[in-house]
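I have placed the structure first, in the form of structure tokens, so that the comments after it can refer back to it.
Computed from the coordinates by the stated procedures, all read-outs in this text should not be read as laboratory data. The shown structure was predicted, so the numbers you read here are calculated from the model rather than taken from an experiment. Counting neighbours? That spans all protein chains shown, and the Cβs are built from the backbone with ideal geometry, glycine included.
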Amino acid sequence: GLIVAAFLATGGEVQNSSGVKTFDVVMENNRYEPSEITAKVGDQVVINFENRDAVSHAVALPQFNATVPNGHVPAGGTAQMAFVANTAGQADAAVCGGASPDDKTDDHGEELIVNVI
């Protein structure tokens, strides 16, 4: 219980002594948990995805030239995306959800907001 509570309180972020910010994101029911993550400019970021849905999900951050292998996290599978957060701003990494957080015109509607401050 305490480990889960600590995980949820940190928004899925796992601290790492090597200077890498790691986030564990679960995809389930066309939602992402956590649905928003925050990094600082200059951070090395690793996002570990676990897809519990029966469909694959596309994730990418073009501004950081980052995606998962083959562009999608397979149904029932896992994948990892890594990048250096070298510019400030906000983006929606859930490509199925559109290229920006304001684009909700897709079939799924899921969002994974990445804030770089």
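Values computed for the structure shown
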item: Descending semi-axes in whole angstrom, ellipsoid equivalent of segment 35-81, from the Cα gyration tensor; result: 21, 11, 8
item: Residues in segment 57-80 that a label on Asn48 would reach, taking backbone N under 13 Å of a point 7 Å out along Cα→Cβ; result: 78-80
